[in-house]
Amino acid sequence: MSTAASILKNTFGYDNFRPYQHEVIKNVLAGHDTLAIMPTGGGKSLCYQIPALILDGLTLVVSPLIALMKDQVEQMRASGVPAVMLNSSLPAYEYQKNMDLVKDGAVKLLYLAPETLLTPRIFSLLSRTQLDLLTIDEAHCISEWGHDFRPEYRQITEIRQRYPEATCLALTATATPRVRADITSSLNFEESNEFVASFNRENLFIEVAPKRDAMGQTLQFLEKRKEESGIIYCFSRRQVDELASYLEIKGFSARPYHAGLEDATRKDNQEAFIRDDVQIIVATIAFGMGINKPNVRFVIHYDLPKSIEGYYQEIGRAGRDGLPAHCLLLYNYSDVSKQRYFINQKEANEKRVATEHLDAIVRYAEDEIRCRRNPLLAYFGEKYEIENCKNCDNCTSQRRDLTDITVPAQKFLSCVKRTGERFGAGHVTAVLRGSKNKKVLRYGHENLSTYGIGDDLTQKQWMHLSRQLVQMGYLQKSGEYSVLNLSSQAMDALRNRTTIMGHLQEAESRSRRRDARQEVLDYDKNLFALLRQKRKELADEAGVPPYVIFSDKTLVEMSAYYPQSLESVLKMSGVGQAKLRRYGEIFLVEIKNYCSQNGFEEKEKRSYREKNDKNRRYMIVGEMYNTGESIESLSERYHVQASTILNHLMRFTAAGHPLKNGESLQSQTSLPAQAQEKVIAAFEEVGTDFLKPVFEKLNGEISYEELKIMRLIAISKQSRH
């Protein structure tokens, strides 16, 4: 081992081994098949790289990630270690060159994908080589219970049979006790040769935040970290492309990374990120990046990961240099529903495994009480003894006081019992809330004593409560349909009327909408009458219906908030830039005079959607268009027709935003120049809010589809004046 220690220092530049590196290397050099479970960033690679330099023959490394292979080979070569890879990304000449180097014995490390390994060409190559060490990286892929099971990994056992003299080393950062047992069984390892390091990454600040406005929350997070390097994980490729583009618009250096990109584009984006030419990589959670970048300062999960293993592996990409890093997971239950939909498309066994993984990450995300490290490490079979880690949201934030939820908990548990412990939380909730859906009526559950006793809570509140009861151990889930069963603890609680403490989710959205509606309806009837009269005068002068000037809703808001400036008038529903220029001052004079006579002051218009609107799809499309992106590219990006993009742009302008880049709109219309001038003139005369007055003014000669395009062109021209 003195040789291993000198290689550690002289070749790799480290003074000391990390936990378990020394033990694993020693075991491998002794010729023992070894399973090593070490955290992401814990130095797994050295466990085979150092033996490779000591052993006489070849060390073969099986890895599922081409990106990781490339990264490892480059690092080895930079350290003076002869290493090559063979995979589908290589051009034919380079592939053959690497084959020749292996044949000549000029290589110490050979990296292969599992599907490449199991080919006659590679069997022939290895038959001429002394294979001393077979390393299986990401060994959790062997197990069907692993979060990234790959059938081709199961076939690695064939290689073991072909080369029985070679020592085998299996490595992974994400293996539960069940997965470890599966790996050991599949590879015929002895349990005594299993090394499990701590999964705790002390330098990571772990946070789970309620996902309310994902785009806005992400921008707020990034504003504080403008010079830092980070990764954002999204559920879909489409979301990756959209978010990466929007971040670029907002001034951040960001690139997308997913399997749907051209190989060259994906490679360029990865290289730019590794070289610090790009600050942020936005990637799909399904696509393994294999990037060993030490200075990643944050990881954001924009969407819910599919499993705790995947989540742990992904946050493990942060802070590999040992310095502090921040890991933020944005969570809401709609992400869970989205994943369940895709899980339900899978085959029975695959569905069962995926459901277990999803349930585990949901329980973790919804745990608002315990230190984040407690359930995270427990999932991997490690007990975390420290009560307060001082480096997660639950430990550093002010704890929410528990409330007495005994009554709703008893209702829910009782309903589970009375429905026969045969259904999931959704059905139990439907019974409690008195639903008349087909399933409730089919089973006669409208006749149960618990039917309708829970209509005081929303469906979301009941579902949140059910997940708490599972977390507390009162309920157990079973089967692919997540059927709920009462535990002995629950039976005792019902019999003894045990007090149950927890959290009852607030039903904010419904009351907020109701309050907002009530505020708008509470308007000044006298001012409304004056404004209606002014609107009628203007409409008669222009020869158009009154609604073309302003709708009743607009006048109601003016009568409710008493706007005292053009800026405030613009906040009223239905007031865009064009109408503001044409009618804003006229109505503002009426309102100011009325307020002056009656001693009224302006009321602030509080829009509960205002905060979120800036990150809604039509706003993003509008901003992208204004930066020069064409209608065609936006249609392609969002996989929608051009008419949908035009609708988004119309909403964008209706929200009071100028429309630039009008030249791009010209390509959307087939009208000749003379007809376009005629339509523009009509819009200038009667306004751009409604199409029907323009359609009638032009005697129906221009279709509504063409008028939609021309309206945007007219608005774009107005924005430039």
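So the values come out like this:
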quantity: Members of region 445-454 that are open to solvent by 20 Å² or more (accessible area, probe 1.4 Å) and not hydroxyl-bearing (S, T, Y); calculated: E446, N447, L448, G452, I453
quantity: Any hit, region 329-345, residues being free of Cβ contacts under 8 Å to residues at least 12 places away in the same chain, open to solvent by 10 Å² or more (accessible area, probe 1.4 Å) and among the charged types (D, E, K, R); calculated: no
quantity: Residue list for region 409-441, filter: of a type outside the set (A, V, I, L, M, F, W, C), assigned to a helix (DSSP H, G or I) and open to solvent by less than 20 Å² (accessible area, probe 1.4 Å); calculated: H427, T429
quantity: Region 441-460 - residue that is touching a Gly at 6+ places or on another chain (Cβ under 9 Å) and under 28 Å from V362 (Cα atoms) and, of those, modelled with the lowest pLDDT; calculated: D455
quantity: Some residue of region 684-693 being open to solvent by less than 50 Å² (accessible area, probe 1.4 Å), hydrophobic (A, V, I, L, M, F, W, C), over 19 Å from E705 (Cα atoms) and at pLDDT 80 or above; calculated: no
quantity: Search result, residues across region 459-486 that are under 26 Å from the mean Cα position of the chain (by Cα), among the polar types (S, T, N, Q) and within 25 Å of T498 (Cβ to Cβ); calculated: Q461, S466, Q468, Q471, S482
quantity: In region 544-555, the residues that are surrounded by fewer than 21 Cβ atoms within 10 Å (Cβ to Cβ) and assigned to a helix (DSSP H, G or I); calculated: P546, Y547, D552, K553
quantity: Residues (of a type in the set (S, T, N, Q), open to solvent by 30 Å² or more (accessible area, probe 1.4 Å) and in contact (Cβ under 8 Å) with a residue 60 or more places away in the chain) located in region 468-508; calculated: Q471, N485, T498, T499
quantity: Among the residues listed as E601, E541, the single one being loosely packed, with under 15 Cβ neighbours inside 10 Å, over 39 Å from the mean Cα position of the chain (by Cα) and either within 13 Å of D524 (Cα to Cα) or touching a residue at least 40 places away in the same chain (Cβ under 8 Å) (or both); calculated: E601
quantity: Odd one out for K250 among (1) among the basic types (K, R); (2) surrounded by 22 or more Cβ atoms within 10 Å (Cβ to Cβ); (3) touching a Leu at 6+ places or on another chain (Cβ under 8 Å); calculated: (2)
quantity: Total residues in region 13-31, condition in contact with a strand residue (DSSP E or B) (Cβ under 7 Å, 6 or more places away or on another chain) and either assigned to a loop (DSSP other than H, G, I, E, B) or modelled with pLDDT under 90 (or both); calculated: 2
quantity: Options S89, S45, S63; residue that is buried (at least 17 other Cβ atoms within 10 Å of the Cβ), hydroxyl-bearing (S, T, Y) and out of contact with any strand residue (DSSP E or B) (no Cβ under 7 Å at 6 or more places or on another chain); calculated: S45
quantity: Hits in region 168-212 - residues which are within 28 Å of the chain's Cα centre (by Cα) and part of a loop (DSSP other than H, G, I, E, B); calculated: A173, T174, A175, T176, S198, F199, N200, R201, E202, N203, K211, R212
quantity: Some residue of region 455-463 being out of contact with any helix residue (DSSP H, G or I) (no Cβ under 9 Å at 6 or more places or on another chain), within 27 Å of E356 (Cβ to Cβ) and open to solvent by 40 Å² or more (accessible area, probe 1.4 Å); calculated: no
quantity: Subset of region 188-213 [crowded, with 20+ Cβ neighbours inside 10 Å and out of contact with any strand residue (DSSP E or B) (no Cβ under 6 Å at 6 or more places or on another chain)]; calculated: A197, F199, R201
quantity: Residue in region 350-374 that is farthest from K390 (Cα to Cα), counting only those that are open to solvent by 60 Å² or more (accessible area, probe 1.4 Å) and more than 18 Å from the chain's Cα centre (by Cα); calculated: E350
quantity: Every residue from region 92-112 that is open to solvent by less than 10 Å² (accessible area, probe 1.4 Å), over 36 Å from the mean Cα position of the chain (by Cα) and closer than 28 Å to L261 by Cβ; calculated: N98
quantity: Residue ID - nearest to I631 (Cα to Cα), chosen from residues in region 694-721 that are outside any helix (DSSP H, G or I) and open to solvent by less than 50 Å² (accessible area, probe 1.4 Å); calculated: I702
quantity: Odd one out for R128, checked against (1) modelled with pLDDT of 90 or more; (2) over 25 Å from E382 (Cβ atoms); calculated: (1)
quantity: Failed item in (1) at pLDDT 90 or above; (2) among the small types (G, A, S); (3) part of a helix (DSSP H, G or I), with S337 passing the rest; calculated: (1)
quantity: Residue within region 114-129 that is within 24 Å of P305 (Cα to Cα), surrounded by fewer than 23 Cβ atoms within 10 Å (Cβ to Cβ) and out of contact with any helix residue (DSSP H, G or I) (no Cβ under 6 Å at 6 or more places or on another chain) present; calculated: no
quantity: Matching residues, region 375-408, being open to solvent by 50 Å² or more (accessible area, probe 1.4 Å), assigned to a helix (DSSP H, G or I), closer than 25 Å to A209 by Cα and not small (G, A, S); calculated: Y379, T396
quantity: Every pair of residues 6+ apart whose Cβ atoms lie under 7 Å, when the first sits in region 146-157 and is without any contact (Cβ under 8 Å) to a residue 40 or more places away in the chain while the second is charged (D, E, K, R); calculated: E152/E115
quantity: Residue in region 142-151 that is modelled with pLDDT of 90 or more and open to solvent by less than 40 Å² (accessible area, probe 1.4 Å) present; calculated: no
quantity: Any hit, region 147-157, residues being in contact with a Gly (Cβ under 8 Å, 6 or more places away or on another chain) and closer than 27 Å to T116 by Cβ; calculated: yes
quantity: Region 71-108, residues that are in a helix (DSSP H, G or I), under 22 Å from I7 (Cα atoms) and not acidic (D, E); calculated: Q72, V73, Q75, M76, R77, A78
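The values are calculated or read from the model by the stated rules, or taken from the named source; none is laboratory data. What you are looking at is a predicted structure, and each value in this text was computed from that prediction instead of being measured. Methodologically, a virtual Cβ is constructed for each residue, glycine included, from the backbone with ideal geometry; neighbour enumeration extends over all protein chains shown. Please note that ligands, DNA and RNA were not included when accessible areas were found on the heavy atoms of the full protein model with its side chains. Shrake-Rupley method; radii C 1.70, N 1.55, O 1.52, S 1.80 Å.
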